[in-house]
Amino acid sequence: MNFEKILIVDDEEMMREMVTEMLEDQAKEIITAENAEEALEIFNNNGSFDAVLTDLKMPGMNGLQLLESIKGINPSMPVVVMTGYSEIFSVEEAMKSGVDEYILKPFKKDEIGMVMTRAKWRASSIYKRRLLEGVKSMIEYINTANKIIATSGYPSPHKENLMAKGEEIKRSVARNVTEVLKNI
């Protein structure tokens, strides 16, 4: 099993049931929603999900709007968009909006499994890259602060303590980030 919990969103009951059946051996739990509004409520109230699979075209809020809302809550959440062949031009818009993967209907069980796994991998890669970029920026900031402290002409008995604290923070962040990356 690749996933603990997946949220499937589609306004067609038959499609929700079919996709649930296709993914049942990929996830411990699959929850479905018949529209984006219901999906957002479930997403906010039902704990964490490993991935969201949503139809692109739905009445009311569409799949791209749902994607934006979910990414606003959890930017690293893998989101896969399902779309029909006639909506191929919407795929480009979806990719620009931050969708991790898309799949064209109709699709087969092995295709959806592969796409979901790839979306999870892609989302975790993006999350790792952003995390590492943030850590790099923070370390650069601490290094700059330590240089400023070291070269300041202001006499202070606290200079060494401040610089030591900066080094301590860098080591702590490196340890914590290493642990986080192990669990992704």
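The values are calculated or read from the model by the stated rules, or taken from the named source; none is laboratory data. In this text the structure is predicted, and so the values were computed from the model without any measurement. Virtual Cβ from ideal backbone geometry, glycine too; neighbours counted across all protein chains shown.
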Among helices (runs of 4 or more DSSP H) entirely inside region 77-184, those with 1 or more residues being over 25 Å from Val19 (Cα atoms), hydroxyl-bearing (Ser, Thr, Tyr) and at pLDDT 80 or above are 109-151, 159-182
Inside region 131-174, can you point out the residues that are among the hydroxyl-bearing types (Ser, Thr, Tyr) and more than 28 Å from the chain's Cα centre (by Cα)? Thr144, Thr151, Ser152, Tyr154, Ser156
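Mind listing just one residue for me: the one in region 1-24 that is in contact (Cβ under 8 Å) with a residue 40 or more places away in the chain and in a helix (DSSP H, G or I) and, of those, surrounded by the most Cβ atoms within 10 Å (Cβ to Cβ)?
Val19
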What are the residue pairs meeting all of these: first residue in region 138-165, first residue in the same structural domain as Val177 (by TED's automatic domain parsing) and farther than 25 Å from Val177 by Cβ, second residue hydroxyl-bearing (Ser, Thr, Tyr) and surrounded by 10 or more Cβ atoms within 10 Å (Cβ to Cβ), Cβ atoms under 9 Å, and 6 or more apart or on different chains? Lys159/Ser152
Count, please, the residues in region 25-60 that happen to be surrounded by fewer than 16 Cβ atoms within 10 Å (Cβ to Cβ), part of a loop (DSSP other than H, G, I, E, B) and out of contact with any Asp or Glu (no Cβ under 9 Å at 6 or more places or on another chain). 3
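Across region 117-153, what is the total count of residues that are touching a Leu at 6+ places or on another chain (Cβ under 7 Å) and aromatic (Phe, Trp, Tyr)? Reasoning before the result, please.
Residues of region 117-153 touching a Leu at 6+ places or on another chain (Cβ under 7 Å): 128, 149.
Subset that is aromatic (Phe, Trp, Tyr): none.
Final tally of qualifying residues: 0.
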